[in-house]
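Single-structure report; data block below.
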Amino acid sequence: MITKKGWLQSLMLSLFTKEATYNAGVTMIDANACSMKGFELTTEFPDVVTHDRDEVSGLEHGSDQEIIEQRVNLTYTEPKAKPNSLIGLAALVLGKITTTKDGAFDAYSHKIVPAPIGDALPSISIEHLKGAIQYKFDGIKGNTLKISGEAGGLVSLEAALIGAGSRAISSTEFAAAIAESWLKVNSMKIWLESGATIEIGASLTQGTQNISSGTPSDLGVRFKSFNFNWNNNLEEQVGAGGAGVLQDADYGRRSSDLTISLLFGSQDDLDLYLNQTIVAIEFDLAGAEIEAGAKKFGFHLIIPKLRLSKAPLPQGGPGDTLTCDFEMSVFNDGINDAVIIEGYNAVPEYLG
């Protein structure tokens, strides 16, 4: 036999166009979708299967089994994330995106915040070819988002996605990919502010802090790694009359956290926990210019209100340089969105 190769895969997501209604599907063409590169995708069909082995059938092992409800769960991972992937999947998971053109340039800012209470999360279609089988999945919503990175490395991205359960064999041609460079941590600035000087800018400027009316702490030299998580805690809506697939999936009580590993500084680090001081964090990654004179490929991640949930005690032995972990929970400040992600690239629209 001819063995099937794991590297021989294709994947496209309708990141540019959302479903008009849940599980209606999106036509997978270049205007609506893009192919992904450098990805890892885990696919599961956690179907609801029932049988008659526990009832009286006159047979020791029963005789019938049926799939009652179809399910599709996907985990998308991009170890070397690019702006297009981060922007599209962040918008899918958090739920609200506003795009602004950069003057006369073909460069765009995409501001992403959590969907307001009462607004439905968007859904998309995904098509995947692996092992010589190609399936289209509709009704895909984003459940979790993880953005992380280490000093000297690249930003990585992971998103857990839940589908309606619709899955159809397909032979559609795959849409074009978006050509972009990887997001490099050595192009990222990180600031921390606390107390009364926290002030989130209405419009964000690359290369300059946007979280303080004063002078925030620059964490760049101390930085070791970061890990940001957002969880929609999606609740599957089975209902009646769905013909074996979900009728929707809605967010539960959403949650978010951030961990930053740093070189240990001083008692001031520990005091942030002991005093339960409110802090704001800004990550600003700006790479090459999208066009000469335009904004730069990259993203902002701003969290206006955090508190340390664990004491950042110094870690390390006699031969080590001491480090500490800022493990922080996200809170509402009553003014700003709980999380703000703004991405920059040459794509004019997402989830339109």
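Quick rundown of the values:
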item	result
Among (1) assigned to a strand (DSSP E or B); (2) without any contact (Cβ under 8 Å) to a residue 60 or more places away in the chain - the single one D138 does not satisfy	(2)
Among residues of region 161-207, those that are touching a residue at least 60 places away in the same chain (Cβ under 8 Å) and under 25 Å from P304 (Cα atoms), counted	17
The one condition in (1) more than 28 Å from S261 (Cβ to Cβ); (2) in contact with a Lys or Arg (Cβ under 6 Å, 6 or more places away or on another chain); (3) among the small types (G, A, S) that S109 fails to fulfil	(2)
Residue in region 87-110 that is β-branched (V, I, T), at pLDDT 95 or above, open to solvent by less than 20 Å² (accessible area, probe 1.4 Å) and not in a strand (DSSP E or B) present	yes
Conditions (1) part of a strand (DSSP E or B); (2) of a type outside the set (D, E, K, R); (3) touching a Lys or Arg at 6+ places or on another chain (Cβ under 9 Å); number of the one not met by T75	(3)
Residue match in region 291-310 (condition: open to solvent by 10 Å² or more (accessible area, probe 1.4 Å), among the acidic types (D, E) and either on the phi > 0 side of the Ramachandran plot or out of contact with any Phe, Trp or Tyr (no Cβ under 6 Å at 6 or more places or on another chain) (or both))	no
From the options G58, G62, residue that is on the phi > 0 side of the Ramachandran plot and open to solvent by less than 30 Å² (accessible area, probe 1.4 Å)	G62
Residue check, G149 surrounded by fewer than 18 Cβ atoms within 10 Å (Cβ to Cβ) and farther than 30 Å from A243 by Cα	no
Residue in region 332-352 that is farthest from S85 (Cα to Cα), counting only those that are in a loop (DSSP other than H, G, I, E, B) and acidic (D, E)	D333
Residue within region 321-334 that is under 15 Å from L94 (Cα atoms) and touching a residue at least 40 places away in the same chain (Cβ under 8 Å) present	yes
Some residue of region 25-37 being open to solvent by 40 Å² or more (accessible area, probe 1.4 Å) and assigned to a strand (DSSP E or B)	no
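The values are calculated or read from the model by the stated rules, or taken from the named source; none is laboratory data. Here the structure is a predicted model, which is why all the values come from computation and not from measurement. Neighbour counts run over all protein chains shown; Cβ positions are idealised from the backbone, glycine included. Heads up: the accessible areas ignore ligands, DNA and RNA and are worked out on the full protein's heavy atoms, side chains in. Shrake-Rupley method; radii C 1.70, N 1.55, O 1.52, S 1.80 Å.
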